[in-house]
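Report on the following structure.
Nothing in this text is a laboratory measurement; each read-out follows from the coordinates by a stated rule. Since the structure is predicted, the reported quantities are computational estimates derived from the model, not experimental observations.
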Amino acid sequence: MRVDVALTPAALEPAALAGAVALVIDVLRASTTLVTALSHGCREVLPVAEVEEARRRARDLPGALLAGERSGDPPPGFDLGNSPLEFTPERVAGRTIVFTTSNGTRALLAARGATAVGVAALVNLSAAADWALGQRRNLVVVCAGELGTRSVEDEACAGLIVDRVLAADPGARATDAAERAVAAARPYAKDLPRLAHDAPHARHLQAQGRGPDVAACLTLDVFTLVPAYRADVDKVVSPYR
């Protein structure tokens, strides 16, 4: 088993996805929001790259919720933003959601060449590592990053997942990028709240008044569900528990 990490979608080698599985991470906040939505009974999520495409697709799906953000805020006319705290069972259970974000949905779309694509965050970290091990294929962990640059929180989450996979499978081989992610994650292994201070995007969200979002996203193993991005139908669904 080969284990690799791409710190941004642009760093992802398409050839590395052939025959491999992928875990897509956007801790602050898209992957956390997706895990929360599907765990709270959302029927399916359609990940979309652009705002206007999201609006168009939502118009074609009566009853669908339109969710996401640009610069941290929901675009005009959206039903929900990108806060996991908004995606309560009362709001999303049984619903279809059309979802677009600045980083996370683009990372999902970039990983579509993998044999299977799971959505990972700190809130489902143990389940995501177990899912990857159960696939018995090469693993590529894809970090969404922040507008084309690496993000501290995504790299830390990736490193923690890789560390668990390597510990559980002595035959697994980490690439240099995966080993660097493991090293970067070590300071946070027993101190996740430190990311609220060290991660620039966490500080940005807190300055916007979104401290509760940051706290929710930096919580370990709240959920056991690993959402699956089904590229054949272009939907995120919840078959992996």
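Mind checking the full-extension length gain between Ala168 and Glu13? Use 0.36 nm per residue of separation minus the Cα-Cα distance, one decimal, nm. Display every interim value, and only then the final one.
On the way: separation 155, 0.36 × 155 = 55.80 nm, distance 2.56 nm.
Residue separation times 0.36 nm, minus the Cα-Cα distance, leaves 53.2 nm.
Calculate I(q)/I(0) for the stretch 1-133 by the Debye formula, one identical point scatterer on each C-alpha and no solvent, and give its log10 at q = 0.20 Å⁻¹ to two decimals.
Summing over Cα pairs of the stretch 1-133 leads to -1.17.
Anyone know which of Thr88, Thr36, Thr101 comes out most mobile in the 10 Å Cα GNM of the chain?
Taking springs between Cα atoms under 10 Å, the residue moving most is Thr88.
Can you pull a Stokes-Einstein diffusion coefficient for the chain at 25 °C (0.890 mPa s), Rh from Kirkwood over Cα pairs, as a whole number of µm²/s?
On the way: Rh = 17.3 Å.
Estimated diffusion coefficient is 142 µm²/s.
Taking amide H positions as placed in the peptide plane 1.01 Å from N, state which residues far from Arg230 in sequence (5 or more) or on other chains have amide H under 5 Å from it.
Excluding prolines and chain starts, which carry no amide H, the hits are Lys235, Val236, Val237.
Report the extension gain between Leu61 and Gln206 in nm, rounded to one decimal, defined as 0.36 nm multiplied by the number of residues separating them, less their alpha carbon distance. The partial results should precede the final answer.
Numbers: separation 145, 0.36 × 145 = 52.20 nm, distance 3.41 nm.
Contour length minus Cα-Cα distance gives 48.8 nm.
Write down the radius of gyration of the stretch 77-189 and its Dmax, each obtained from C-alpha positions, in Å.
Rg and Dmax of the stretch 77-189, Cα atoms, are 15.5, 50 Å.
In whole percent, what relative contact order does the chain give with Cα contacts below 8 Å and a gap of six or more residues? Working shown, then result.
On the way: 550 pairs, mean separation 77.9, N = 241.
Relative contact order of the chain: 32 percent.
For a quick check: with amide H placed at 1.01 Å from N, whose amide H comes under 5 Å from Gly72's, ignoring anything fewer than 5 positions away on the same chain?
Placed amide hydrogens put nothing under 5 Å from Gly72.
Would you calculate a helix-derived [θ] at 222 nm for the chain, using -39,500 (n - 2.57) for each DSSP H run of n ≥ 4 and dividing by the full residue count, to the nearest 500? Numbers along the way, then the final one.
Working: 11 runs with 91 residues, N = 241.
The helix contribution divided over the chain gives -10500 deg cm²/dmol.
Need one number: % antiparallel among DSSP beta bridges in the stretch 2-232, to the nearest 5. Mind dumping the intermediate values first?
Numbers: 4 of 29 bridges.
Roughly 15 percent of the DSSP beta bridges within the stretch 2-232 come out antiparallel.
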